[in-house]
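In what follows, a single structure is set out as structure tokens and then discussed.
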Amino acid sequence: MQGSKAELRWWSYLITAVAIFGLWHLVAVILDSIALPTPVTVFFAFIAGLKDGLISHLLISTLRIVYGIALAFSLAVPIGLVSHETRVDKFVAPLIYMLYPIPHIVLLPVIILLFGIGDLSKIILIAMIVFFQILVTTRDASRNISGNYIYPLLSLGASKREIYKHVILPACIPKILTAMRISVGTAIAVLFFVESFATYRGLGYLIMDAWSRANYPDLYAAMVTMALLGFGIYVLLDRVERKVCRWVYV
Amino acid sequence: MIEAKSLTKTYPDGTGALHDVTFDIRDGESCSVIGPSGCGKTTLLLICSGILRPTEGRVVIKGTDVTAPSKELALIFQDYGLFPWKTVYENASLGLELRGFGKRERKRIVSSLLKDLGLQGFEKYYPKQLSGGMQQRVAFARALALNPKIMLMDEPLSSLDALTRENLQNFLLQLWRQKRMTMLLVTHSIEEAVFLGSKVIVLSPRPGTVIKTVDNPQMGDSDYRTKEVFFDKCREVRQSLDGGAI
Ligand SMILES: Nc1ncnc2c1ncn2[C@@H]1O[C@H](COP(=O)(O)OP(=O)(O)OP(=O)(O)O)[C@@H](O)[C@H]1O
Ligand SMILES: [Mg+2]
């Protein structure tokens, strides 16, 4: 039964993809504008790009975004989880309250001044924005765990560590993974922003470069690749979520 | 066996939950606690189990003051007994795991318990895949795995339908008789309190205090429900509850 469900999902994705490309093709043919090449033209530009370094640009973009998300995750999750303790939350709550609403992207100049114009500052900016998204969600989740979940464990003589292992972490994981999935979109947007200047590598650079050369097939090929990158990470996180949080989906 | 001595609990926000509650439960006795909603029943159980400290008074179990959760005691909650992210097997063996039992030992104890409770074959299911009655039996399995001398239960059957509920009441009665356990059962059902308690403690509205203790020595059979004296006891408990509410 589960096999047929998975198959159904697979087919529905295929149909949606075909519909999107079909619509794109239709609009491109109707508009007949140089600014909107058909998917077929873009596909050939994509294939040509593959021979011409597109892969290495994709790779560097992938690394930047994966490192960024991983860095954010490894800081935000522990802080969010221990916010379960009111003692810790006393400090975390005001931190979130004051720092979350400001647009972190404007900190770019500061980050570049501090960390240079290399990959590090790109990763840090991505991490910073994703950090707050994961932190806010994880904290909310861990603060909302009912004491009623914890009492039975206490009566079994559980230590603090065991309470985190058996209750707080598993109770928060679905929310954490959902937050990460949602933050992929933001992370890609920031990636484009940080790659659009002062670098010669990455998909953002490719987009800006193709645009300045008015090479629209190349432009679209780079954009599609970036979309695929976001899609890939999203699907990966979705898979992880389904595996780790099996209990949510049964 | 369990002695509550002038327990008073006022929460830090000023809510008075219990006021001067005193009772004692003998070894092997089954005691029901009944009282209006919010009168401090859960608070009372948390204090008896050593999770919560009373503001005043103390709890003595087998002659020693309760200051931390004891190994002889199992606590069962109504809705939060099971962890939705753990399978039936993982839930049932959690207590053993926390108490440091080895994998093989856990498997032996839990498998035979699940079998006794009619849960064989459901080891890999998650709680939400089970009916309410089955979930509650898993919660009992977890508590029983540690072979406790004392069971404290907070409305363990209140979210079940009437038939399942009677079923599990019979199960609890049997358990109590076979294992000679000491039980403290919080319930908001008068019939359940009388069916399962050889003594019924009636609490007043918040802050809870003991209004009356109804002795109920005739209980102990599953056909007690149909006997005249059962109805008499229910009436007696109901009257003291009503009296307290005025
Ligand atoms: N942690 C807490 N902090 C402050 N007040 C609390 C806390 N826990 C419970 N209370 C209050 O103490 C009173 C007694 O609560 P308790 O949960 O013990 O009642 P109860 O008899 O179990 O209620 P119910 O029948 O609804 O289960 C209630 O008024 C409740 O709001
Ligand atoms: Mg309660």
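The values are calculated or read from the model by the stated rules, or taken from the named source; none is laboratory data. Keep in mind the model is a prediction, meaning the values are calculated, not measured. In this analysis, Cβ positions are derived from the backbone assuming ideal geometry, glycine residues included, and neighbour counts consider all displayed protein chains.
Computed quantities for the displayed model
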| quantity | calculated |
| --- | --- |
| In the range B:65-90, the residues that are within 16 Å of ligand 1 (Cβ to nearest atom), of a type outside the set (Phe, Trp, Tyr), touching a helix residue (DSSP H, G or I) at 6+ places or on another chain (Cβ under 8 Å) and part of a loop (DSSP other than H, G, I, E, B) | B:ASP79, B:GLY81 |
| Residue satisfying condition, being aliphatic (A, V, I, L, M), away from every other protein chain (no Cβ under 12 Å) and assigned to a loop (DSSP other than H, G, I, E, B), within set B:LEU52, B:LEU119, B:LEU113 | B:LEU119 |
| Verdict on B:PHE23 being in contact (Cβ under 8 Å) with a residue 40 or more places away in the chain and either within 16 Å of ligand 1 (Cβ to nearest atom) or not basic (Lys, Arg) (or both) | yes |
| Output for the range A:116-147, where each listed residue is in a helix (DSSP H, G or I), within 14 Å of chain B (Cβ to nearest Cβ) and free of Cβ contacts under 8 Å to residues at least 24 places away in the same chain | A:GLY147 |
| From the options B:SER37, B:SER30, B:SER49, residue that is touching a Leu at 6+ places or on another chain (Cβ under 7 Å), small (Gly, Ala, Ser) and within 16 Å of ligand 2 (Cβ to nearest atom) | B:SER49 |
| Residue that is farthest from the other protein chains (Cβ to nearest Cβ), among those in the range B:180-190 that are away from ligand 2 (no atom under 16 Å from the Cβ) and not polar (S, T, N, Q) | B:ILE190 |
| Residue in the range A:195-212 that is surrounded by the most Cβ atoms within 10 Å (Cβ to Cβ), counting only those that are without any contact (Cβ under 8 Å) to a residue 60 or more places away in the chain and more than 21 Å from A:PRO109 (Cα to Cα) | A:ILE207 |
| Qualifying position, being of a type in the set (Val, Ile, Thr), in a helix (DSSP H, G or I), surrounded by 12 or more Cβ atoms within 10 Å (Cβ to Cβ) and touching a helix residue (DSSP H, G or I) at 6+ places or on another chain (Cβ under 7 Å), among A:VAL42, A:VAL66 | A:VAL42 |
| Single residue of B:LYS62, B:LYS41 found to be at positive phi and either more than 14 Å from chain A (Cβ to nearest Cβ) or within 16 Å of ligand 1 (Cβ to nearest atom) (or both) | B:LYS62 |
| Output for the range B:75-104, where each listed residue is under 21 Å from A:LEU169 (Cα atoms), aromatic (Phe, Trp, Tyr) and over 19 Å from the mean Cα position of the chain (by Cα) | B:TRP85, B:TYR89 |
| Filter result (over 13 Å from B:SER204 (Cα atoms) and crowded, with 21+ Cβ neighbours inside 10 Å) within the range B:1-43 | B:ILE2, B:ALA4, B:LEU7, B:LYS9, B:ILE25, B:SER30, B:CYS31, B:SER32, B:THR43 |
| Within the range B:129-155, considering residues that are within 16 Å of ligand 1 (Cβ to nearest atom) and crowded, with 24+ Cβ neighbours inside 10 Å, the one farthest from the other protein chains (Cβ to nearest Cβ) | B:MET153 |
| Which numbered condition B:SER159 fails, given (1) within 26 Å of A:LEU154 (Cα to Cα); (2) away from ligand 2 (no atom under 16 Å from the Cβ) | (2) |
| From B:ARG177, B:ARG235, residue being surrounded by fewer than 19 Cβ atoms within 10 Å (Cβ to Cβ), modelled with pLDDT of 90 or more, away from ligand 2 (no atom under 16 Å from the Cβ) and over 19 Å from the mean Cα position of the chain (by Cα) | B:ARG235 |
| Boolean, B:ARG53 is more than 16 Å from ligand 1 (Cβ to nearest atom), out of contact with any Asp or Glu (no Cβ under 8 Å at 6 or more places or on another chain) and not polar (S, T, N, Q) | no |
